[in-house]
Amino acid sequence: MQRSFFMRNPSVLIFIGLLALFTLLVTVFSEAFGVGVISTSLVKTLGKTLCLCLIAIAMDLVWGYCGILSLGHFAFFGLGGYMIGMWLMYERTKAIVVSSLAEAPLPPTADEIRDGIGTQIFGVVGGAEIPPIWFFADSLFAQLVLVVTIPGLLALIFGWLAFRSRVTGVYLSILTQAMTLALALYLFQNDSGLRGNNGLSGLQNLPGLDDVPQATISIWFLWASAFALGLGYLVAAWVVGGKFGSVVRGIRDDEARVRFLGYHVESYKLVVFTLTAIIAAIAGALYYPQAGIINPAEIAPIASIYLAVWVAIGGRGRLYGAVIGAAFVSLVSTWFTGGQAPDIPLGFYTIQWVDWWLVLLGLSFVLVTLLAPQGIGGLFDLFTNRKTPERGGADLGPDAGSLQEKEAEQ
Amino acid sequence: MSTLLEVSGISVTFDGFRAINNLSFQIGSAEMRAIIGPNGAGKTTFMDIVTGKTRPDEGRVIWGEKSVNLLKMSESQIARAGVGRKFQRPTVFEDQTVLENLIMALKNRRRPFSVLGYRRSAEDVGRVEVLAEEIGLKAELPRKAGELAHGQKQWLEIGMLLAQEPRLLLVDEPAAGMSPMEREQTTAILVEAAKTRAVVVVEHDMEFVRRLNCKVTVLHEGSVLAEGSLDHVTANQEVIDVYLGR
Ligand SMILES: Nc1ncnc2c1ncn2[C@@H]1O[C@H](COP(=O)(O)OP(=O)(O)OP(=O)(O)O)[C@@H](O)[C@H]1O
Ligand SMILES: [Mg+2]
């Protein structure tokens with residue numbers, strides 16, 4: 001007795017259509033497959049932006065729909081990156097070690113190769129042993145499984161502890177910040193087994209594909225990122241579209257009432273938190289091969305706060321809002337911090353955007369939260385309302401507690 | 001008639017203030033009961049205890065044929081066991097449509113993964129439409145609950161309560177903000193519901209209580225002051241002193 005999924009969610013088809021068009025255009029204009037108007041580095045930036053849009057969808061699910069202001073989702077994003085980075089780095093180093101040992105008179109033993117890899121990878125942190133956590137690093141399949149399971153497990157355990165004791169609101173946000181901070185500090189240590197502050201590097205090179213130019217690889221990753229984003233959007237729309245979404249939005253608006261309807265609120269929060277952690281991890285696993293390097297600074301608490309800012313600016317509680325926010329703010333941010341934005345000479349002082357961009361971002365965030373809590377996505381209501389009046393999505397207003405907290409962090 | 005809910009000797013203290021004081025209460029499985037009493041008598045707190053929102057310092061709350069201990073259960077477990085509650089202020093999900101509100105309340109499996117795979121069946125929509133007809137909101141099904149008038153929200157909440165198909169309904173001041181006509185309709189619905197289940201109604205309006213035509217429990221300072229027919233309790237001198245006489 002329900003209209004089809006796409007009939008109820010027209011934005012899904014529109015979104016996937018636009019995403020496909022975008023991917024096609026970038027491919028046609030890229031250096032690898034087309035006329036070469038779009039440089040490889042720009043293709044990578046766009047591909048990375050798609051990954052950021054994907055984690056923004058995760059953030060919107062957990063915050064905009066379920067009301068959990070998680071300020072720790074970049075921890076899952078980073079962990080996803082580390083998991084795939086381990087395989088990329090291990091296999092590539094192995095290829096290098098094998099080819100350098102090939103000139104030796106005797107064929108190298110497995111132990112020699114392992115030692116070589118250990119010295120190559122862990123020399124910078126004063127080690128030569130391959131730590132036990134790299135046990136599966138030679139298997140792409142195993143590391144792909146870990147991309148999903150490690151962040152998923154962390155979210156499950158963290159969420160279980162936090163939700164079970166009914167921590168909510170600002171306290172929960174602070175807990176998530178503590179989690180991501182603790183993880184970052186742990187990874188900064190040299191004996192964490194993940195190369196301390198050096199992080200993992202050379203991730204843009206795919207093992208065994210040395211002959212394929214970066215221009216081509218960047219397009220592959222663009223496709224993969226676009227596919228993941230499209231799929232993520234579809235899954236998210238499906239999750240929030242039905243009765244599950246109803247319950248989750250109910251939890252956001254009045255958690256106690258949902259309990260008295262007989263729903264176990266904590267389980268729902270745990271499902272949403274873990275699911276979004278997994279989406280974030282997949283986004284991270286696609287992002288870092290395009291970035292080429294990952295280090296613990298990526299997991300710093302501020303990254304997760306930016307994520308909340310993107311979603312707030314884009315308009316939380318609607319999936320396309322999150323995507324627009326992430327794409328818009330991160331691209332504009334790249335433009336400003338990349339030194340491309342012209343300085344503004346005021347005579348007595350020159351505004352250099354590299355320094356002042358954060359101030360501008362903070363200001364826009366405050367303004368959006370105060371004046372247009374629907375965010376950029378709210379603009380769409382202006383014309384969709386005329387067509388389907390009953391669809392007017394009245395979002396939740398900004399909650400003052402979270403606002404002040406983020407202002408303080410800025 | 002078998003006892004559905006048995007509350008015995010419960011007490012609750014908030015910051016040294018005894019809101020409930022050695023209260024005992026029983027209700028059968030198909031019975032209507034009105035609870036009256038002055039402001040702050042502990043009527044809402046009593047409902048909080050039965051629904052698991054507030055834990056009493058002492059006492060027992062026993063439920064059903066199997067005599068399960070409600071005090072050991074979480075709010076959602078108690079609700080699934082068959083206790084439905086209507087709050088003093090209407091609390092519906094304003095950002096969702098009337099239909100979504102009712103579908104959410106409809107008795108069905110409540111686990112996350114069952115809900116994730118849930119599809120609206122013709123049967124469920126039928127049930128919701130019958131309910132919506134009953135509470136006079138059939139035409140409002142696609143509207144957001146937040147757009148409804150205060151009285152309509154009360155109705156929606158009553159509808160959600162019925163959709164849960166509880167064995168015990170706890171109704172806190174249902175008639176507040178309703179017109180005389182609506183009050184009459186509410187009475188009819190509650191009386192109808194009490195034929196097959198237990199209904200506890202908290203109400204200040206004596207006319208309303210009279211129309212319910214049921215046994216009345218008078219609460220005062222956290223314990224039962226009097227119990228019996230409305231005429232019986234209103235003739236009680238203590239009741240007149242603390243409640244009616246003011
Ligand atoms: N969470 C709480 N913390 C402290 N005091 C409370 C709490 N809940 C209730 N009380 C106090 O307990 C007493 C009983 O309150 P309750 O809400 O049960 O009264 P009531 O009979 O429902 O009154 P009304 O007719 O006004 O709704 C009141 O004095 C109230 O102030
Ligand atoms: Mg009350």
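The values are calculated or read from the model by the stated rules, or taken from the named source; none is laboratory data. Quantities reported herein were computed from a predicted structural model and do not represent experimental measurements. FYI the Cβ positions are ideal-geometry reconstructions off the backbone, even for glycines, and counts take in every protein chain you see. Side chains included, ligands, DNA and RNA excluded: accessible areas come from the protein's heavy atoms. Shrake-Rupley method; radii C 1.70, N 1.55, O 1.52, S 1.80 Å.
A few comments on the model shown:
- The listed residues A:130, B:135 rank as A:130, B:135 when sorted by accessible area, largest first, using a 1.4 Å probe.
- Segment A:181-235 shape via C-alpha gyration tensor axes, a/c threshold 1.5: oblate
- Taking the 1.4 Å solvent-accessible surface of segment B:3-244 as the whole, the part contributed by carbon and sulfur is 48%.
- Over the residues of chain B, the helix contribution to mean residue ellipticity at 222 nm works out to -9500 deg cm²/dmol, using -39500 (n - 2.57) for each DSSP H run of at least 4.
- Dipole of segment A:5-297 computed with +1 at Lys/Arg Cβ and -1 at Asp/Glu Cβ about the Cα centre; of A:41, A:198, A:277, farthest Cα towards the positive end is A:277.
- Convex hull of segment B:28-115 built on C-alpha atoms - directionally averaged projected area, nm²: 8.0
- Result for chain A in a Gaussian network model with C-alpha springs under 10 Å: among A:325, A:126, A:81, the largest mean-square fluctuation is at A:126.
- Between residue B:30 and residue A:167, the FRET efficiency estimated from the beta carbon spacing at R0 = 41 angstrom works out to 0.50.
- Shielding of peptide B:104-112 by partners, expressed as the average count of other chain Cβ atoms within 10 Å per residue Cβ, is 5.
- Whole-number accessible area per residue in Å² for segment A:5-297, which is evaluated in the context of all protein chains at 1.4 Å: 41
- Computed about the Cα centre, the dipole magnitude for chain B is approximately 860 debye when only Lys and Arg (+1) and Asp and Glu (-1) carry charge, each at its Cβ.
- Gain on full stretching of the segment that runs from residue A:206 to residue A:185 - 0.36 nm per residue minus C-alpha separation: 4.7 nm
- With a 1.4 angstrom probe, the accessible area lost at the B-A interface totals about 3000 Å².
- Calculated Rg and Dmax of segment A:245-384 using C-alpha coordinates, Å: 18.8, 66
- Between 0 and 90°, nearest 10: helix A:214-241 axis offset from chain A longest Cα axis: 30
- The label point for residue A:113 and the one for residue B:123, both projected 7 Å from the Cα toward the Cβ, are 6.0 nm apart.
- For chain A, a crude dipole built from +1 on the beta carbon of Lys and Arg and -1 on the beta carbon of Asp and Glu, taken about the Cα centre, is about 1560 debye to the nearest 20.
- Shielding of peptide B:89-95 by partners, expressed as the average count of other chain Cβ atoms within 10 Å per residue Cβ, is 5.
- Anchor residue B:144: aspartates and glutamates whose Cα lies under 18 Å away (excluding residues fewer than 8 positions away in-chain): A:253, A:254, A:381, A:390, A:395, B:94, B:95, B:100, B:129, B:133, B:157
- Ellipsoid fit via the Cα gyration tensor, chain B: semi-axes of 31, 22, 16 Å, each the root of five times an eigenvalue, largest first.
- In terms of packing, defined here as the mean over residues of other Cβ atoms within 10 angstrom, the peptides B:64-74, A:167-177 line up highest first as A:167-177, B:64-74.
- Rg(Cα)/(2.2 N^0.38 Å) for the protein assembly as shown, N = residue count: 1.17
- Ranked by how many other beta carbons lie within 10 Å on average, peptides B:13-25, A:224-236 from highest: A:224-236, B:13-25
- Sum of side-chain charges, residue B:197 neighbourhood, beta-carbon under 13 Å (Lys, Arg +1; Asp, Glu -1): +1
- Between the helical axis of A:10-29 and the longest alpha-carbon principal axis of chain A there is an angle of about 40 degrees.
- Listed residues A:57, A:121, A:75: farthest to the positive end of the dipole of segment A:29-157 (Cβ charges): A:57
- For residues of B:114-125, the mean tally of beta carbons on other chains within 10 Å: 4
- Relative contact order of segment B:132-246, pairs being alpha-carbon contacts under 8 Å that are 6 or more residues apart, as %: 17
- Taking every alpha-carbon pair under 8 Å whose residues sit at least 6 apart, segment B:3-244 reaches a relative contact order of 29 percent.
- Loop sites by DSSP among the GluC sites (Glu not before Pro) of chain A, restricted to those with at most 16 other Cβ atoms within 10 angstrom, leave A:130-410 as the longest stretch without any of them.
- Sorted largest first, extent of segment A:5-297 alpha carbons per principal axis (Å): 76, 48, 26
- Across segment A:5-297, the relative contact order, built from alpha-carbon pairs under 8 Å that are at least six residues apart, equals 38 percent.
- Listed by chain and number, the lysines placed with their C-alpha closer than 28 angstrom to that of residue B:43 are B:53, B:66, B:72, B:86, B:107, B:153, B:195, B:215; residues fewer than eight positions away on the same chain are left out.
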